[in-house]
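A quick write-up on the structure given underneath.
The values are calculated or read from the model by the stated rules, or taken from the named source; none is laboratory data. Computed from a prediction, not measured in an experiment: that's the story for all the values here. Glycine also receives a Cβ, built like all others from the backbone with ideal geometry; neighbour counts cover every protein chain displayed.
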Amino acid sequence: MAKKPPLSHFSPVFANKAWADSDGYISYFSCLRSETVKKSEKGRKQWGRQRGLYSWSVEHALDKELENKAGPIYEKLLSFKEINSEDRIVWAQFLLSQLVRTPTFIKYEKFIRSALSIIDTPAHDRVGCRDCVDLNFVVNRDWCLLLAHKDDYFVRTDNPVLQTGFIEKPETCLFYPLSPRLCFVACSMQEGWNASTHIPNETCGHELVKGAAHMVNFYLAKTAEESLIISPNHDGVIAERMFSDMLGVYPQPPFSLHTLRCDKLDEAYKSIQMIMSKADGLVYPSWDSSELEPYYQTMSDESVA
């Protein structure tokens, strides 16, 4: 009997567990049958996976070569512990891997590979290469941790990293919730930033004002594919209204499918917009992340309220 394809964990269990209580999570999801957003309870290991996204070899490599290293770094960040230069490289590798292992990205990737008749296989499929120069665009950004107001929270979506633009752009930033209370940000940088030589500041923290985390949640929900998880303690009227209206309205653009040239920025955005529109059979508007970027490490709390 042929071996079943793996239940590919595009969002690893260790990164989701902070949203669960003893029973599990609350998941909001797009119901194809009713064409509405519904919610249900999900067990601790029943979300963030899809059968056959990638091969067993990739699933095992993600586990052994990346997640086993990234897990302890995740815990350090949750504990507000400064991480060393080696940890920064692994964490950047983990974030960029999270971007390209989702159902959303793989759908767009398959579409463009078919359209261009690309048949070769990447050497570091989904795991990423720790020597790749793209890591510098995360490693050598300033980093910060956003602490939600005591009455607020962050959610985790099936596109867990929110990237606001092409990674080569200084203005771009990456948001990645670590828990319902804490969100990691690889920050925007000033014009003239050199990703190869910049020495980043120590990771700083911002305690957000009431309501500020919901701006991040708004974009996280908007850039989801079809589902998210929320802690049962945080579910309520605000969540139901926001996620029912916004879930999956504009899935995370697959920026890494395009190599950016500074003199071709407008063309690059139009290219990504075209890939998404044709793959989904929709007409997406121009991508706009102006409410989120630039996001500098030294921004005041009020600027994200």
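Of the residues Asp63, Asp120, Asp151, Asp131, which single one is modelled with pLDDT of 90 or more and outside any helix (DSSP H, G or I)? Don't jump to the end; show me each part of the working.
On the way: Asp63 fails: outside any helix (DSSP H, G or I); Asp120 fails: modelled with pLDDT of 90 or more; Asp131 fails: modelled with pLDDT of 90 or more.
Going through Asp63, Asp120, Asp151, Asp131 in turn, just one is modelled with pLDDT of 90 or more and outside any helix (DSSP H, G or I): Asp151.
Is it the case that the stretch 188-199 has a residue that's at pLDDT below 95, touching a Phe, Trp or Tyr at 6+ places or on another chain (Cβ under 9 Å) and surrounded by fewer than 16 Cβ atoms within 10 Å (Cβ to Cβ)?
yes
Sort out which residues of the stretch 23-43 are of a type in the set (Asp, Glu) and not in a loop (DSSP other than H, G, I, E, B), and write them in order of number. Show your work before the answer.
Applying the first criterion (of a type in the set (Asp, Glu)) to the stretch 23-43 yields 23, 35, 41.
Answer for the stretch 23-43, where residues must be of a type in the set (Asp, Glu) and not in a loop (DSSP other than H, G, I, E, B): just Glu41.
Do we find that Ser30 is modelled with pLDDT of 90 or more and farther than 30 Å from Asn140 by Cα in this structure?
Details: modelled with pLDDT of 90 or more: yes; farther than 30 Å from Asn140 by Cα: yes.
Taking the combined requirement at face value, the residue satisfies it.
Looking only at residues in the stretch 187-217 that are aliphatic (A, V, I, L, M) and part of a loop (DSSP other than H, G, I, E, B), which one is farthest from Asp142 (Cα to Cα)? Show your work before the answer.
Taking the stretch 187-217 and keeping what is aliphatic (A, V, I, L, M), we get 189, 195, 199, 208-209, 212-213, 215-216.
Those still in the list that are part of a loop (DSSP other than H, G, I, E, B) too: 189, 195, 199, 208-209.
On the way: Met189: 7, Ala195: 11, Ile199: 8, Leu208: 18, Val209: 21 Å.
The selected residue is Val209.
Among the residues of the stretch 157-184 satisfying the criterion of being among the hydroxyl-bearing types (Ser, Thr, Tyr) and in a loop (DSSP other than H, G, I, E, B), which is surrounded by the most Cβ atoms within 10 Å (Cβ to Cβ)?
To start, the set of residues in the stretch 157-184 that are among the hydroxyl-bearing types (Ser, Thr, Tyr) comprises 157, 164, 172, 176, 179.
Subset that is in a loop (DSSP other than H, G, I, E, B): 164, 172, 179.
Values: Thr164: 25, Thr172: 23, Ser179: 19.
The residue in question is Thr164.
Among the aliphatic types (A, V, I, L, M) and modelled with pLDDT of 95 or more: does that describe Ala279?
yes
Here are the criteria: (1) surrounded by fewer than 19 Cβ atoms within 10 Å (Cβ to Cβ); (2) touching a residue at least 60 places away in the same chain (Cβ under 8 Å); (3) not in a helix (DSSP H, G or I). Tell me which single one Lys107 does not satisfy.
The failed condition is (3).
Taking the stretch 219-249 as the region of interest, how many residues are surrounded by fewer than 17 Cβ atoms within 10 Å (Cβ to Cβ) and within 18 Å of the chain's Cα centre (by Cα)?
1
With (1) modelled with pLDDT of 95 or more; (2) in contact with a helix residue (DSSP H, G or I) (Cβ under 9 Å, 6 or more places away or on another chain); (3) part of a helix (DSSP H, G or I) as the list, and Ala268 as the residue in question, which single condition is left unmet?
Failed condition: (1).
Confirm whether Lys222 is charged (D, E, K, R) and closer than 30 Å to Ile26 by Cα.
Working: charged (D, E, K, R): yes; closer than 30 Å to Ile26 by Cα: yes.
It is true that Lys222 is charged (D, E, K, R) and closer than 30 Å to Ile26 by Cα.
Just give me the residues in the stretch 79-104 being in contact (Cβ under 8 Å) with a residue 40 or more places away in the chain and not in a helix (DSSP H, G or I), in sequence order.
Phe80, Glu82, Ile83, Arg101, Thr102
Provide a single number: the residues in the stretch 42-78 that are charged (D, E, K, R) and touching a residue at least 60 places away in the same chain (Cβ under 8 Å). Give the steps one after another, and end with the answer.
At the first step, the residues of the stretch 42-78 found to be charged (D, E, K, R) are 42, 44-45, 49, 51, 59, 63-65, 67, 69, 75-76.
The next check asks that each one be touching a residue at least 60 places away in the same chain (Cβ under 8 Å); those that pass are 42, 65.
Looking only at that region, the number is 2.
Among the residues of the stretch 76-87 satisfying the criterion of being over 18 Å from Leu146 (Cβ atoms) and not hydroxyl-bearing (Ser, Thr, Tyr), which is surrounded by the fewest Cβ atoms within 10 Å (Cβ to Cβ)?
Kept after step one, since they are over 18 Å from Leu146 (Cβ atoms), are these residues of the stretch 76-87: 84-87.
Next cut, not hydroxyl-bearing (Ser, Thr, Tyr) only: 84, 86-87.
Values: Asn84: 9, Glu86: 11, Asp87: 17.
The qualifying residue surrounded by the fewest Cβ atoms within 10 Å (Cβ to Cβ) is Asn84.
For every residue, the table says whether it meets (1) assigned to a loop (DSSP other than H, G, I, E, B); (2) among the charged types (D, E, K, R); (3) buried (at least 18 other Cβ atoms within 10 Å of the Cβ); (4) under 21 Å from the mean Cα position of the chain (by Cα).
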site	(1), (2), (3), (4)
Ser11	yes, no, yes, yes
Asp21	yes, yes, no, no
Lys45	yes, yes, no, yes
Leu53	yes, no, yes, yes
Val58	no, no, no, yes
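Of the residues that sit in the stretch 110-151 and are touching a residue at least 12 places away in the same chain (Cβ under 8 Å) and at positive phi, which one is surrounded by the fewest Cβ atoms within 10 Å (Cβ to Cβ)?
Looking at the filtered set, the residue picked out is Arg126.
Name, by its number, the condition in (1) crowded, with 17+ Cβ neighbours inside 10 Å; (2) at positive phi that does not hold for Leu66.
The failed condition is (2).
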